[in-house]
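Inspection log for the structure reproduced underneath, given as structure tokens.
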Amino acid sequence: MNRPPGNLADGTSVCGTPVGSVVCDVLNAFFATSVDQGATWTATKISSVGHQPEYEMFGGRQVPFHGDYLGIDAAMGTLFGTWTDNRDVVPGTDPRETPDGFDVLQCRATPTSPDTCANAGGVNQNIFGAALSIP
């Protein structure tokens with residue numbers, strides 16, 4: 001059975017519960033290149049920091065969505081790539097559930113109150129990019 005990246009069998013994060021300020025190196029971005037028409041491939045890590053792709057930032061802070069914002073282009077011997085990354089997300093706790101390590105910073109007076117600090121870092125999913133010279 002396969003689980004989403006960063007999930008343990010008990011449904012908690014591999015990064016611990018709660019995550020706190022620990023960098024959660026679960027997922028990185030790579031370029032893959034081939035010089036023999038795809039018979040063999042070489043992977044090059046392009047992200048400088050790994051991140052937890054399963055933070056619950058959507059659907060009222062209960063649904064993880066890593067995004068489909070991936071792009072790659074090539075010009076004059078250089079690859080350019082972009083990807084969605086959660087390295088800037090501020091982890092937190094969700095008073096509506098048992099801590100699982102996937103919760104993001106939010107401000108709720110009670111479990112039924114709305115999040116009053118949506119711009120405080122709990123949803124800081126960003127787009128990053130890198131370039132790589134190719135032979």
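In the set P64, P99, P91, P135, which member is over 23 Å from D25 (Cα atoms) and not charged (D, E, K, R)?
On the way: P64 fails: over 23 Å from D25 (Cα atoms); P99 fails: over 23 Å from D25 (Cα atoms); P91 fails: over 23 Å from D25 (Cα atoms).
Matching residue, one of P64, P99, P91, P135: P135.
Figure legend. Inter-residue proximity from the range 114-133: first residues at negative phi, second residues surrounded by 15 or more Cβ atoms within 10 Å (Cβ to Cβ) and among the acidic types (D, E), beta-carbon distance below 9 Å, spacing 6+ or different chains. Indicated pairs: G122/D103; G122/D115; Q125/D85; N126/D85; I127/D85; F128/D85.
In this structure, V63 qualifies as exposed (fewer than 15 other Cβ atoms within 10 Å of the Cβ), without any contact (Cβ under 8 Å) to a residue 12 or more places away in the chain and either of a type outside the set (F, W, Y) or more than 24 Å from G16 (Cβ to Cβ) (or both). Residues to consider are S13, S34, S47; find the one that is among the small types (G, A, S) and under 18 Å from V123 (Cα atoms). Answer to the check: S13.
Out of all the residues in the range 20-32, which are in a loop (DSSP other than H, G, I, E, B), of a type outside the set (A, V, I, L, M) and either modelled with pLDDT of 90 or more or in contact with a Phe, Trp or Tyr (Cβ under 7 Å, 6 or more places away or on another chain) (or both)? Once the filter is applied, which keeps residues that are in a loop (DSSP other than H, G, I, E, B), of a type outside the set (A, V, I, L, M) and either modelled with pLDDT of 90 or more or in contact with a Phe, Trp or Tyr (Cβ under 7 Å, 6 or more places away or on another chain) (or both), the range 20-32 yields only N28.
Selection of the range 100-135 for residues being at pLDDT below 90 and more than 19 Å from P53 (Cα to Cα) yields I134, P135.
Scanning the range 33-43 for residues that are surrounded by 15 or more Cβ atoms within 10 Å (Cβ to Cβ) and either in a loop (DSSP other than H, G, I, E, B) or touching a helix residue (DSSP H, G or I) at 6+ places or on another chain (Cβ under 9 Å) (or both) turns up nothing. One residue stands out in the range 83-125 among those that are under 13 Å from the mean Cα position of the chain (by Cα) and polar (S, T, N, Q): the one that is nearest to P135 (Cα to Cα), namely T84.
Restricting attention to the range 8-19, does a residue exist that is surrounded by fewer than 16 Cβ atoms within 10 Å (Cβ to Cβ), touching a Ser or Thr at 6+ places or on another chain (Cβ under 8 Å), among the small types (G, A, S) and modelled with pLDDT of 85 or more? Scanning the range 8-19, I find no residue that is surrounded by fewer than 16 Cβ atoms within 10 Å (Cβ to Cβ), touching a Ser or Thr at 6+ places or on another chain (Cβ under 8 Å), among the small types (G, A, S) and modelled with pLDDT of 85 or more, so the answer is no.
The values are calculated or read from the model by the stated rules, or taken from the named source; none is laboratory data. None of the values given here were measured: they were computed from a predicted structure. Cβ coordinates were reconstructed from backbone atoms using ideal geometry, including for glycine residues, and neighbour counts include every protein chain displayed.
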